[in-house]
């Protein structure tokens with residue numbers, strides 16, 4: 001699987017969420033302080049979020065909104081195409 005396909009799988013653990021949030025923040029060229037100010041939280045809250053600690057849902061949603069992002073509720077079960085890609089023989093494709 002490519003890195004973009006791996007990231008298409010649902011996030012089910014707080015540390016994964018924190019890592020994904022950090023990647024997105026950095027991809028947008030934003031600092032933790034910038035996100036904190038836009039979200040109305042402290043920079044410490046953003047560092048906690050990025051390290052997978054419990055910051056409260058309203059803080060996490062505010063931080064996502066600051067980056068122009070949101071959440072979707074999706075099945076944690078991979079679909080057929082994702083399963084096929086996981087077991088694909090890289091040499092045969």
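Test residue 25 against the stated conditions and say whether it is modelled with pLDDT of 95 or more, more than 19 Å from residue 10 (Cα to Cα) and either surrounded by 14 or more Cβ atoms within 10 Å (Cβ to Cβ) or touching a helix residue (DSSP H, G or I) at 6+ places or on another chain (Cβ under 8 Å) (or both). In short, no. Just one of the numbered conditions (1) within 16 Å of the chain's Cα centre (by Cα); (2) surrounded by 14 or more Cβ atoms within 10 Å (Cβ to Cβ); (3) more than 20 Å from residue 11 (Cβ to Cβ) is not true of residue 62: (3).
Just for the stretch 69-87: of the residues that are part of a loop (DSSP other than H, G, I, E, B) and in contact (Cβ under 8 Å) with a residue 12 or more places away in the chain, which one is nearest to the chain's Cα centre (by Cα)?
Pass one, the stretch 69-87, residues part of a loop (DSSP other than H, G, I, E, B): 69-79, 87.
Imposing the further condition that a residue be in contact (Cβ under 8 Å) with a residue 12 or more places away in the chain reduces the set to 69, 74-76, 78.
Values: 69: 10, 74: 14, 75: 16, 76: 15, 78: 17 Å.
In this case the residue turns out to be 69.
Restricting attention to the stretch 28-49, the residues that are surrounded by fewer than 16 Cβ atoms within 10 Å (Cβ to Cβ) and touching a helix residue (DSSP H, G or I) at 6+ places or on another chain (Cβ under 7 Å) add up to 6.
The values are calculated or read from the model by the stated rules, or taken from the named source; none is laboratory data. Computed from a predicted model, the values in this text were never measured in an experiment. A quick note on method: Cβ atoms are made from the backbone with ideal geometry, for glycine too, and the neighbour counts reach across all protein chains shown.
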